[in-house]
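Peer 1: Quick one: the structure is below, questions incoming.
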Amino acid sequence: MARKKRNLRKKLYTKNRLVILNEDTFEEIFSFKLTLMNVFVVFSLGGIFLILVTTFIIAFTPLREFIPGYSSTQLKKNATQLAIKSDSLAVALKKNEAYINGIQKVLRGELEYAKFNKDSILSETEETPHLDMRASEEEIKLREEVDTIEHPTKKTGSKNKKAKK
C-alpha cells in the first residue's frame with residue numbers, strides 16, 4: 001500500500017519533456033519540462049475558468065432568457081402594463097353594465113325617466129372607501145398630553161421675551 005502511494009507520487013512529480021519538432025527538418029521549435037501534476041493543475045484551472053466564463057456570460061447577457069424561470073425585463077414591464085389596462089377595462093365594463101341595466105329598467109317601466117341619470121347610475125358602481133376620520137380615545141389623550149406639555153412652555157417663553165425687552 002505504501003509502495004503504491006510512493007509509486008503514484010513518484011509518477012506525478014517525475015519531470016518529462018514535451019518537445020515540438022518540425023517534421024521535415026527535425027528542428028526543435030520549443031520544449032517544456034512538465035510533470036503530470038502540472039498538467040493536472042493546468043487542466044483543472046482551465047476547466048474552472050471555462051465554467052466561470054460560461055456562468056458570467058449566461059448570467060449577465062440576454063442569453064439568460066433561454067433558461068426556464070428567467071424572463072426579460074421588457075416582458076415583465078409589458079405584463080405590468082397589461083394588468084393595469086385589464087383592471088381599468090374591468091371598471092369600465094362594470095360602469096357600462098350598470099348604465100345598460102338602468103336603461104333597461106327605464107325601458108321596462110320600472111324606473112321613471114326623470115329619476116334616470118347617468119351620473120347617479122355610475123356613482124352606484126363606484127366603490128368609495130368609507131374612512132372614519134374621527135379621533136380615537138387614545139389619540140385624544142395623546143393630544144391632551146402634548147397640549148399640557150407644550151402650553152406651559154409657550155407661556156414662559158413669551159414671559160421671557162417680555163422680560164428681556
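Just so you know, all these numbers are worked out from the coordinates, no wet-lab data involved. Just so it is clear, the model here is predicted, and its values are computed rather than measured. Here the Cβ is made from the backbone with ideal geometry for all residues, glycine too, and neighbour counts use every protein chain on show.
Peer 1: So between F56 and N96, what do we pick up on full extension, going 0.36 nm a residue minus the alpha carbon distance?
Peer 2: Separation in residues times 0.36 nm, less the Cα-Cα distance, equals 9.1 nm.
Peer 1: Now a separate question. For the pair S88/Q74, report the inter-label distance in nm, with labels modelled 7 Å from Cα in the Cβ direction.
Peer 2: Label-label distance for S88 and Q74, simple model: 2.3 nm.
Peer 1: Could you give the size of the charge dipole of segment 2-66 about its Cα centre, using +1 on the Cβ of each K and R and -1 on the Cβ of each D and E, expressed in debye and rounded to the nearest 20? Don't jump to the answer; show the numbers that get you there.
Peer 2: Working: 11 positive and 5 negative charges, 214 e Å.
With only Lys, Arg, Asp and Glu charged at Cβ, the dipole is about 1020 debye.
Peer 1: Taking 0.36 nm per residue of sequence separation and subtracting the Cα-Cα distance, how much length would be gained by fully extending the chain between T148 and K105, in nm to one decimal?
Peer 2: On the way: separation 43, 0.36 × 43 = 15.48 nm, distance 6.04 nm.
Taking T148 through K105 to full extension adds about 9.4 nm, to one decimal.
Peer 1: Run through segment 10-82 and list the GluC sites (Glu not before Pro) located in a DSSP loop whose Cβ has at most 14 other Cβ atoms within 10 Å. Walk me through the numbers on the way to the answer.
Peer 2: On the way: sites: E23, E27, E28, E65; in loops: E23, E27.
Passing sites in segment 10-82 are E23, E27.
Peer 1: Right, something else. Which residues in segment 1-32 have a backbone N closer than 15 Å to a point placed 7 Å from the Cα of V41 along the Cα-to-Cβ line?
Peer 2: 12-16
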